[in-house]
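The values are calculated or read from the model by the stated rules, or taken from the named source; none is laboratory data. Source: prediction; values computed, not measured. With ideal geometry, Cβ positions are generated from the backbone for all residues, glycine too; neighbour counts draw on all protein chains shown.
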Amino acid sequence: MQGSLEYLEEILKNEIPVVIYNGSNDICMNSGATQTVLDKVKFIGQEEFRNLGLNPWKDVENDKIIGYTKKADKLTLYLIN
């Protein structure tokens, strides 16, 4: 039986884009834990993803920061305020 990381690695290996959303106030899976797990995912952009900082994600209508994001290869993470 495969765990979710293995499924994610297989999806990324097959060049399928993955977007993960996580609420910064999520109690079940906080954003720090999400980033720790994603740093362990083996894929082409793993080192780049691990070394990237988070960039502000802004509401285009009022320029307000609504979260943070980072992307490497086919993996994108959004941390939502």
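Within the range 1-26, the residues that satisfy the criterion of being part of a helix (DSSP H, G or I) and more than 19 Å from LYS70 (Cβ to Cβ) are SER4, GLU6, TYR7, GLU10, LYS13. The set of residues in the range 32-55 being over 13 Å from THR69 (Cβ atoms), aliphatic (A, V, I, L, M) and surrounded by 13 or more Cβ atoms within 10 Å (Cβ to Cβ) consists of VAL37, VAL41, ILE44. Just name the residue that is modelled with the highest pLDDT out of those in the range 1-31 that are closer than 26 Å to ASN81 by Cα and surrounded by fewer than 11 Cβ atoms within 10 Å (Cβ to Cβ). Top of the filtered list is SER4. Within the range 68-77, can one find any residue that is farther than 22 Å from GLU10 by Cα and either aromatic (Phe, Trp, Tyr) or over 12 Å from the mean Cα position of the chain (by Cα) (or both)? Yes, some residue in the range 68-77 is farther than 22 Å from GLU10 by Cα and either aromatic (Phe, Trp, Tyr) or over 12 Å from the mean Cα position of the chain (by Cα) (or both).
Residues of the range 58-73 being touching a residue at least 24 places away in the same chain (Cβ under 8 Å), outside any loop (DSSP other than H, G, I, E, B) and over 14 Å from SER31 (Cβ atoms), which ones? Hit for the range 58-73 is ALA72, nothing else.
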